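Notes follow once the structure below has been shown.
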Amino acid sequence: MPEAHFEFDEADRELLERIQRRYGLQSCEQAAEWLIKARLRRAAIKLTGRGRALYPINNGRD
């Protein structure tokens, strides 16, 4: 799965550090990933009316 790298300003970093502490994550990058997945889950629920799994699918093309 492709990886994206982002630059965080001070306000973003503070938010990510709070998320990191709250959920026991190891890094701000994991906190950012957690926030993105949470947002995608909420969007999927609004769109389809139910939750969807969010994990990489290995279809043998790697």
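The values are calculated or read from the model by the stated rules, or taken from the named source; none is laboratory data. This one's a predicted model, so the numbers in the text were calculated from it and none came from an experiment. Reconstructed Cβ throughout: ideal geometry from the backbone, glycine too, with neighbour counts over all protein chains shown.
Some notes on this structure:
- For segment 7-33, filtered to residues that are surrounded by 10 or more Cβ atoms within 10 Å (Cβ to Cβ) and part of a loop (DSSP other than H, G, I, E, B), the residue that is modelled with the highest pLDDT is Leu25.
- Close pairs (7 angstrom Cβ cut-off, 6 or more residues apart or separate chains): closer than 12 Å to Ala32 by Cα and in contact (Cβ under 8 Å) with a residue 24 or more places away in the chain in segment 5-17, surrounded by 10 or more Cβ atoms within 10 Å (Cβ to Cβ) and not hydroxyl-bearing (Ser, Thr, Tyr) anywhere: Phe6/Ala32; Phe8/Leu16; Phe8/Cys28
- Among (1) surrounded by 10 or more Cβ atoms within 10 Å (Cβ to Cβ); (2) part of a loop (DSSP other than H, G, I, E, B); (3) at pLDDT 80 or above; (4) not hydrophobic (A, V, I, L, M, F, W, C) - the single one Arg52 does not satisfy: (3)
- Within segment 39-49, tally of residues that are of a type in the set (A, V, I, L, M) and surrounded by 13 or more Cβ atoms within 10 Å (Cβ to Cβ): 1
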